[in-house]
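Engineer: So that we are looking at the same thing, I have put the structure below in structure tokens.
The values are calculated or read from the model by the stated rules, or taken from the named source; none is laboratory data. All values derive from a computational prediction rather than experimental measurement. We place every Cβ from the backbone using ideal geometry, glycine too, and count neighbours over all the protein chains shown.
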Amino acid sequence: MYKIIKIFFLFTLLPLSMAAQVTPGENSLLNYRIVGFSFPAMKQMVNYKVEIAQGEYNNEQVFSRNISITVADKKNRIIAEVPSFGSSYTWRVIYTDRQSKTTTGELHHFSTAIIPEVNPDSFRLRIMTSAKAHESDYVFLDGNRTLYDMNGNPVWFFPNIENAKHEPMHARDLKVSPFGTVTAMGGEELYEVNYNGDVLWHGPTDTLKDADKLAQSKKNHRNALVDRDSVSLSYNHHHQFDRLPNGHYMAMTYELCDWLLPHPVDSGIFAAFRNKLKRDENGNYYQSIQFASLIEYDKAGKIVWEWKGSDYFKHSDLYQRMAAKQIFVLDNTHSNAFYFDDKNKTIYLSFRDLNRIVKIKYPTKKVLNTYGKLFAPGAGEHLYNGVFCGQHSCRLSKDGYLYMYNNNICNQPSHPTVIMFKEPKTPGGDLEKVWEYECPMDELSQQEQKKILFNAGGDVYELPDRDMFICMGSAYGKVLIVNRDKQVLWCAQPEKWSKFKKIWIDDPEYRASIMSRKDLESLIWGQPLKK
């Protein structure tokens, strides 16, 4: 009886088990063209060869006549690139043993999906300067949620998420995480997905609880900045979302606070800003101010750490400025980027509309330094600090320098720049500029350049060889790599086809990121990135 059961297992359950070990799964619909093929290893086999044909075939002879891709390896995991999206494919494995005898595996099938963003007739990444040193890298563009190779070919896209609030999906801040996954924001929602687009982690989305708490708190305490702790709108995520080295998640959120104003408000500065004022049920005027908070979630979506912008406000020059004038011209301090320095346990938080970066100790929340001019009595709110203005994206280099993408909006029509600074050794000291690069727009006429306003977006990453990857953001969106000698090593322009104008036009980008071939392979196999 035991032998009968064993035979039944071998001839029925075992093939099912082996099929489950084969990827891509039978009749899979893939959101990528660079495919990881895996299959069970077989004893005595020293070489494996994957053969691929475009089209769906069930007859081995017909399949053999249409094989167009062959990749061999000694391991039972092979990566191969198929030619196009929106196509079907057939593949099989040829096993070779030590005596050079071959065994032919069965035929498998899969298809690649297609969306307008990877249709070359609708979107493209036009290469202006070809890559050499970085020819094996890949670039994420969040304007069309697509990963490109350095020749401008789309190879992966962020698929639509079932039950997402924003469909079709508009993925922002798209990048690979240290854990071999992809993180992105879909509107206010946070997502971590694997290479197949399966959701691995979804940030909290229940806004009702916080909204109710906010309404009740506003009813009881109108002067939020003095009388009560403000309420963080914990799930209104914006601008940036990171997977931290400790496995947790950090995102930026909004925090709404109210400031009670004295009567009268019909004259002087109050009259000039009445459109920013509101009245409560008792007729009192108040101003709503939106601050940025940082929230750290654990894997269960529980808040384990929070830095509140209103707390910083109440103990900074901003509060003193407002207390003197009784009104704050900026109703949104507009924080737009952060960097978590795991080595030194510090966080750099960028405030675009204040033209400042705040350095915070983690986890104590102590503000270690403020970079950018402080508000002085009698000064206007929009202070240009003389070094950067409307900055976006701040990080630390390998050498410990603070660098950022500077939209440079105080010097329009000047171009955006990338600036690198040496930090002061003591609190209150000034940044020392050590490197600056002015982003080029040589392909445009002077008149065309003046029409582009760099007031939002942009990104910069230092690469392992210390070259700089830059996304110029805004409605322009050009991406490029430059070395420290300011030579352009690679340059490309994201574009989309205008059906109305019948021409290619610039495709707006918010952020872009870059990864190596090793990073891509870690993503394909779902493995943490090797440092």
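Engineer: Give the range 400-420 a look and list any residue that's farther than 25 Å from CYS491 by Cβ and in contact (Cβ under 8 Å) with a residue 24 or more places away in the chain, or say none.
Structural biologist: LEU402, CYS410
Engineer: Output the qualifying pairs, or none if there are none: Cβ atoms under 8 angstrom, residues six or more apart or on different chains, first residue in the range 442-458 and assigned by TED's automatic domain parsing to the domain that holds TYR510, second residue acidic (Asp, Glu).
Structural biologist: From residues that are assigned by TED's automatic domain parsing to the domain that holds TYR510, the pairs are GLY457/GLU509.
Engineer: Report the residue count in the range 105-140 for those that are assigned to a strand (DSSP E or B) and of a type outside the set (D, E, K, R).
Structural biologist: The number of residues fulfilling the criteria is 13.
Engineer: Let me ask something else about it. For residues that are basic (Lys, Arg) and surrounded by 21 or more Cβ atoms within 10 Å (Cβ to Cβ), tally how many sit in the range 116-140.
Structural biologist: Number of matching residues: 1.
Engineer: Hey, does the range 263-285 have a residue that's surrounded by fewer than 19 Cβ atoms within 10 Å (Cβ to Cβ), within 30 Å of ASN369 (Cα to Cα) and either modelled with pLDDT of 70 or more or touching a helix residue (DSSP H, G or I) at 6+ places or on another chain (Cβ under 9 Å) (or both)?
Structural biologist: No; the residues of the range 263-285 include none that is surrounded by fewer than 19 Cβ atoms within 10 Å (Cβ to Cβ), within 30 Å of ASN369 (Cα to Cα) and either modelled with pLDDT of 70 or more or touching a helix residue (DSSP H, G or I) at 6+ places or on another chain (Cβ under 9 Å) (or both).
Engineer: On to the next question. So which pairs qualify, if the first residue must be in the range 98-119 and over 30 Å from ASP507 (Cα atoms), the second must be among the acidic types (Asp, Glu) and part of a strand (DSSP E or B), the Cβ gap must be under 9 Å, and the two must be at least 6 apart or on different chains?
Structural biologist: THR103/ASP97
Engineer: Which strands (runs of 3 or more DSSP E) sit wholly inside the range 1-104 and have at least 2 residues that are under 29 Å from SER136 (Cα atoms) and either at pLDDT 95 or above or among the charged types (D, E, K, R) (or both)?
Structural biologist: The strands (runs of 3 or more DSSP E) meeting that bar are 28-30, 34-38, 45-54, 67-73, 77-81, 87-97.
Engineer: Test GLU462 against the criterion of being closer than 21 Å to PRO154 by Cα, in contact with a Lys or Arg (Cβ under 7 Å, 6 or more places away or on another chain), in the same structural domain as ASN151 (by TED's automatic domain parsing) and surrounded by 13 or more Cβ atoms within 10 Å (Cβ to Cβ), and give yes or no.
Structural biologist: no
Engineer: What number goes with the only condition from (1) assigned to a loop (DSSP other than H, G, I, E, B); (2) out of contact with any Gly (no Cβ under 9 Å at 6 or more places or on another chain) that VAL387 does not pass?
Structural biologist: Going through the list (1) assigned to a loop (DSSP other than H, G, I, E, B); (2) out of contact with any Gly (no Cβ under 9 Å at 6 or more places or on another chain), VAL387 breaks only (2).
Engineer: Yes or no: the range 407-430 includes at least one residue that is outside the structural domain of ASN369 (by TED's automatic domain parsing), among the hydrophobic types (A, V, I, L, M, F, W, C), out of contact with any strand residue (DSSP E or B) (no Cβ under 7 Å at 6 or more places or on another chain) and closer than 16 Å to ARG352 by Cα.
Structural biologist: yes
Engineer: Quick check on the range 475-494. Is at least one of its residues surrounded by fewer than 20 Cβ atoms within 10 Å (Cβ to Cβ), of a type in the set (S, T, N, Q), assigned by TED's automatic domain parsing to the domain that holds GLY143 and not in a loop (DSSP other than H, G, I, E, B)?
Structural biologist: no
Engineer: Which of the residues that make up the range 305-316 are outside any loop (DSSP other than H, G, I, E, B) and either modelled with pLDDT under 95 or farther than 19 Å from LEU349 by Cα (or both)?
Structural biologist: GLU306, TRP307, GLY309, SER310, ASP311, TYR312, PHE313, LYS314
Engineer: Answer yes or no: is there a residue in the range 65-78 that is surrounded by 15 or more Cβ atoms within 10 Å (Cβ to Cβ), within 19 Å of LEU30 (Cβ to Cβ) and in contact (Cβ under 8 Å) with a residue 60 or more places away in the chain.
Structural biologist: yes
Engineer: Among (1) assigned to a strand (DSSP E or B); (2) crowded, with 22+ Cβ neighbours inside 10 Å, there is one condition GLY143 misses while meeting the rest; what is its number?
Structural biologist: Only one criterion in (1) assigned to a strand (DSSP E or B); (2) crowded, with 22+ Cβ neighbours inside 10 Å is unmet by GLY143, namely (1).
Engineer: How many of the residues making up the range 344-365 are part of a loop (DSSP other than H, G, I, E, B) and at pLDDT below 95?
Structural biologist: Here the count works out to 4.
Engineer: While we're here: Suppose we keep only residues that are assigned to a loop (DSSP other than H, G, I, E, B) and in contact with a Gly (Cβ under 6 Å, 6 or more places away or on another chain) within the range 178-202. Which one would you say is farthest from GLY301 (Cα to Cα)?
Structural biologist: Step by step, filter the range 178-202, then rank; the result is GLY180.
Engineer: Then there's this: Could you pull out the residue among MET472, MET441 that is touching a helix residue (DSSP H, G or I) at 6+ places or on another chain (Cβ under 8 Å) and under 20 Å from LEU125 (Cα atoms)?
Structural biologist: MET441
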